[in-house]
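Only one structure is covered here, and it is reproduced in the block below.
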Amino acid sequence: MIPIIAITGYSNAGKTTVIEKLVPKLKKKGFRVGTVKHAHHELNFDKRGKDSWRHFDAGADAVLVSSPEKLMAVRRNPSAAMDEKGWLAVFEKHLTDMDLVLAEGFKNSGLPKIEVFRTQVHSTPACLGDKTLVAMVTDADPDVAVPVFGLEDAESLAGFIVERFLLSKGSRT
């Protein structure tokens, strides 16, 4: 089973920035890293009128666009009512060749969580008391029973992820 870790926290806490810093650190250690972004609005990766948009608009269940540099897939949501936990199987199906998946958001998923918390943005962390919280990335000094990393300490955070989620699974280093 591929480890999936939710990088979570309130809006504007810096979740995307943490992922941007983590991915290259993990890749440098030799791991294949996939990411998933949780969106609360309709997605539109393609422009109206383009061929791939027209394929999807015509009713295709999935459209794959390939170029020498990228491969992009757009699929219809199998169940608009599916909760965050239901999406775990979908992630695994589409990211089977990854060593690790970082999922941005997914506060209610039951996934192991690394919360990003900045005192400039919110007064209290979102995941205090959450049994799935495994670490925090913050500019504060919270009284929590999980490892705490600074906002700029992506190297140590990557090391924690490797030790906790990848080495224990027998992945390569």
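The values are calculated or read from the model by the stated rules, or taken from the named source; none is laboratory data. Worth saying up front: this structure is predicted, and the values here are computed from it rather than measured. A quick note on method: Cβ atoms are made from the backbone with ideal geometry, for glycine too, and the neighbour counts reach across all protein chains shown. We work out accessible area using only protein heavy atoms, side chains counted, and drop any ligands, DNA or RNA first. Shrake-Rupley method; radii C 1.70, N 1.55, O 1.52, S 1.80 Å.
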- Item | In segment 128-150, the residues that are under 11 Å from A13 (Cβ atoms), touching a Ser or Thr at 6+ places or on another chain (Cβ under 8 Å) and surrounded by 18 or more Cβ atoms within 10 Å (Cβ to Cβ) | T138
- Message: at pLDDT below 85, open to solvent by less than 70 Å² (accessible area, probe 1.4 Å), in contact with a Lys or Arg (Cβ under 7 Å, 6 or more places away or on another chain) and small (G, A, S): is that true of A73 in this structure?
- Response: no
- Message: Suppose we keep only residues that are among the hydrophobic types (A, V, I, L, M, F, W, C) and modelled with pLDDT of 75 or more within segment 37-70. Which one would you say is least open to solvent (accessible area, probe 1.4 Å)?
- Response: V63
- Query: Take the residues of segment 108-135 that are under 18 Å from F165 (Cα atoms) and in a loop (DSSP other than H, G, I, E, B): which is modelled with the lowest pLDDT?
  - Reply: S109
